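Laboratory data are not the source of any read-out in this text; all were calculated from the coordinates shown. Note that the coordinates shown come from a computational prediction; the quantities given were computed from them, not determined experimentally.
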Amino acid sequence: MRTHGDAEAVPHDPSRMHPDIAGNWALWSGIVNQSAITRLEQLKSRFPELTSAVLGTADGLHIASIGLDPQSGEHLAAMNGSLFGVARAEAEIISGGTEPTLSAIVSLSVEDSQMALLSFILAPYGQLLLSVSAAESQLGAVIVHARSTAYELLTALGVTGTGV
C-alpha cells in the first residue's frame, strides 16, 4: 500500500522541456541562443545561398535567428510552431495513427526560394524546430545543411538528441 509520501516518480518525456528549464526560460534561452547563433553563422559561411535560419521551440518560442530582424525572427518561430503542429497532425493521420519519425517535417518552395523545417529533441530543452531558407538552391541541399546544423547544436550543447 502506498502512502502519500511514496509518490511514484514519473519519467520525464525528453520531447518536452524540463520543468526547471521552463521555469527559468529567460536564463536558459540565452544560453542556448549563444551556441545557436554561432552554429547559424557557421551555416551561413558554408552555405551562402542561405537567406534565413530560425531556431525555436515546438510551442513557438524564439531562441535564435539570422538573416531577419528580431521581430521577424520571433514571428517566424511562432509560425513554425503552428506549422509544425499542423504538419505533425496530418502526418499522424497519413501514417495511420502511428507517430511519424520524420525529420524534415515541412518543406516549402516559393519561386526560387526553398525552406525546410526540421524537428529534433535537445534534452533538457525538449523538441526544437530549425527552419532554414535559401534562394537559388535545391531543397535537398537546404535539408542537408539544416540537418548538419541540428547535429552541431546537439554536439555543442553536449547532450544526446533524437529525431534529426
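Under the rule of at least 5 residues apart or a separate chain, name every residue whose amide H is placed under 5 Å from the amide H of residue 51.
Hits under the 5 Å cutoff: 133, 134, 135.
With a cut-off of 8 Å between alpha carbons and a minimum separation of six or more residues, what is the relative contact order of region 19-65 in percent? Walk me through the intermediate numbers first.
Numbers: 28 pairs, mean separation 16.5, N = 47.
After rounding, I find 35 percent.
Apply the Karplus curve 6.51 cos²θ - 1.76 cosθ + 1.60, θ = phi - 60°, to the phi angles in region 60-65 and return the couplings in whole Hz, x for Gly and Pro.
x, 7, 6, 10, 7, 7
Specify the inter-centroid distance of region 28-73 and region 128-156, based on alpha-carbon positions, in whole Å.
Centre-to-centre distance over Cα atoms comes out at 11 Å.
Residue by residue through region 72-88, which ³J(HN,Hα) values in whole Hz follow from phi under the Karplus form 6.51 cos²θ - 1.76 cosθ + 1.60 (θ = phi - 60°), with glycine and proline marked x?
Using θ = phi - 60°, the values come out as 5, x, 5, 5, 5, 4, 5, 5, 4, x, 5, 4, 4, x, 5, 5, 5 Hz.
For residue 63, what residues show an amide H to amide H distance below 5 Å, using hydrogens built from the backbone and excluding near sequence neighbours?
55, 56, 57
If each residue of separation counts as 0.36 nm, what is the full-extension length gain between residue 26 and residue 71 once their alpha-carbon separation is subtracted? All intermediate terms of the calculation are to be shown ahead of the outcome.
Values: separation 45, 0.36 × 45 = 16.20 nm, distance 1.70 nm.
Value of the extension gain: 14.5 nm.
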